[in-house]
1. Which numbered condition in (1) open to solvent by 10 Å² or more (accessible area, probe 1.4 Å); (2) under 21 Å from Val217 (Cα atoms); (3) modelled with pLDDT under 95; (4) touching an Asp or Glu at 6+ places or on another chain (Cβ under 9 Å) is the only one that Leu51 fails?
2. Looking at Gly34, is it under 21 Å from the mean Cα position of the chain (by Cα), in contact (Cβ under 8 Å) with a residue 60 or more places away in the chain and over 13 Å from Gly222 (Cα atoms)?
3. In segment 100-124, how many residues are more than 27 Å from Lys52 (Cα to Cα) and among the polar types (S, T, N, Q)?
4. Has segment 188-204 got any residue that is over 30 Å from Val126 (Cα atoms) and of a type in the set (Asp, Glu)?
5. Tally up the residues in segment 117-141 that are open to solvent by less than 60 Å² (accessible area, probe 1.4 Å) and either touching a Pro at 6+ places or on another chain (Cβ under 6 Å) or over 16 Å from Gly88 (Cα atoms) (or both), please.
6. Identify, please: which residue in segment 3-47 is surrounded by 19 or more Cβ atoms within 10 Å (Cβ to Cβ) and of a type in the set (S, T, N, Q) and is, among those, farthest from Thr208 (Cα to Cα)?
7. Across segment 56-94, which residue is modelled with the lowest pLDDT among those that are open to solvent by less than 50 Å² (accessible area, probe 1.4 Å) and within 24 Å of Ala185 (Cα to Cα)?
8. Quickly run through segment 185-199 and pick out the residues that are of a type outside the set (Ser, Thr, Tyr) and open to solvent by less than 10 Å² (accessible area, probe 1.4 Å).
Amino acid sequence: MTDRDSPKIVVEGLCKSFDGELILDGVDLSIADGESLVLLGESGSGKTLTLKCIMGLVHPDRGAIRIDGKDTVGLRGKDRDQLLNRCGMLFQQSALFDSLPVWHNVAFRQLQRKEMNLQQAHDMSVQCLGSVGLAPAVADLLPSELSGGMQKRVGLARAIASQPEIILLDEPTAGLDPIMSNVIASLIVRNVRELGATALSITSDINTAIKIADQIVLLHEGKVAWSGTPDEIADTHNPIVERFIHKWKMERAA
């Protein structure tokens with residue numbers, strides 16, 4: 001259960017332009033502590049930029065971003081590092097280091113900070129890999145020896161390794177077939193719930209959104225076009241939602 005009176009992340013009036021072109025036009029969203037929110041939208045809708053603003057990678061022109069009630073816009077140095085330390089990130093292309101074995105990828109943050117010795121890091125990695133359905137033997141392989149679906153699982157294992165309060169997922173099922181997409185989505189749901197984390201995902205895949213979200217926010221041309229639960233999106237008569245779903249189905253059928 002989530003406490004919707006105590007939001008973990010609040011975004012208000014988020015605006016950002018590049019070269020005079022308005023990309024984000026007053027985005028508002030609120031994620032309760034322990035809730036999973038999915039930003040859904042086509043390429044260019046502003047969902048990735050919203051995520052980058054929340055992470056502090058891009059400074060918005062206007063608007064507020066608060067985490068646990070604290071304004072995070074403009075954080076620098078140690079303050080920004082402390083914020084990122086509370087987050088786990090699953091990147092779209094998994095972003096694994098090709099020259100490092102899987103276990104070192106999973107424990108990369110802990111090793112960089114010298115929080116563990118090599119044996120402790122290996123043991124922790126094996127445990128995290130088990131949480132995403134990978135056998136201990138996978139720990140000693142190189143990323144190049146893994147399938148795309150296995151690489152996504154390793155990326156998820158790394159995201160949960162620090163037991164973060166907040167998990168950010170960038171197109172978590174991109175490039176995967178429907179069966180593997182469902183597997184990854186199920187693993188996300190299970191691990192986020194077990195951690196009790198707050199999750200923010202971005203995707204253009206409506207099946208993934210429905211599977212992992214408590215709340216869906218559809219972005220269109222830099223604005224929130226619709227928000228609601230996964231059950232509600234199938235029954236809405238919002239024309240922007242209907243066009244998005246129709247286009248997504250056509251692309252899947254092609």
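The values are calculated or read from the model by the stated rules, or taken from the named source; none is laboratory data. Note that this is a predicted model, so its numbers are computed, not measured. Cβ coordinates were reconstructed from backbone atoms using ideal geometry, including for glycine residues, and neighbour counts include every protein chain displayed. Note: accessible area is taken over every heavy atom of the protein model, side chains too, but ligands, DNA and RNA are not part of it. Shrake-Rupley method; radii C 1.70, N 1.55, O 1.52, S 1.80 Å.
1. Leu51 satisfies every listed condition except (1).
2. Judged against the criteria, Gly34 is a match.
3. 3
4. Keep residues of segment 188-204 that are over 30 Å from Val126 (Cα atoms), which gives 204.
When the remaining residues are screened for being of a type in the set (Asp, Glu), the result is none.
Within segment 188-204, none of the residues are over 30 Å from Val126 (Cα atoms) and of a type in the set (Asp, Glu).
5. Initially, segment 117-141 is screened for residues open to solvent by less than 60 Å² (accessible area, probe 1.4 Å), giving 121-122, 124-126, 128-135, 138-139, 141.
Next, only the ones that are either touching a Pro at 6+ places or on another chain (Cβ under 6 Å) or over 16 Å from Gly88 (Cα atoms) (or both) stay: 121-122, 126, 130, 133-135, 138-139, 141.
Going through segment 117-141 one residue at a time, the tally reaches 10.
6. Looking at residues that are surrounded by 19 or more Cβ atoms within 10 Å (Cβ to Cβ) and of a type in the set (S, T, N, Q), I get Ser45.
7. So the residue we want is Ser94.
8. First, the residues of segment 185-199 that are of a type outside the set (Ser, Thr, Tyr): 185, 187-197, 199.
Within segment 185-199, Ala185, Ile188, Asn191, Ala197, Ala199 qualify.
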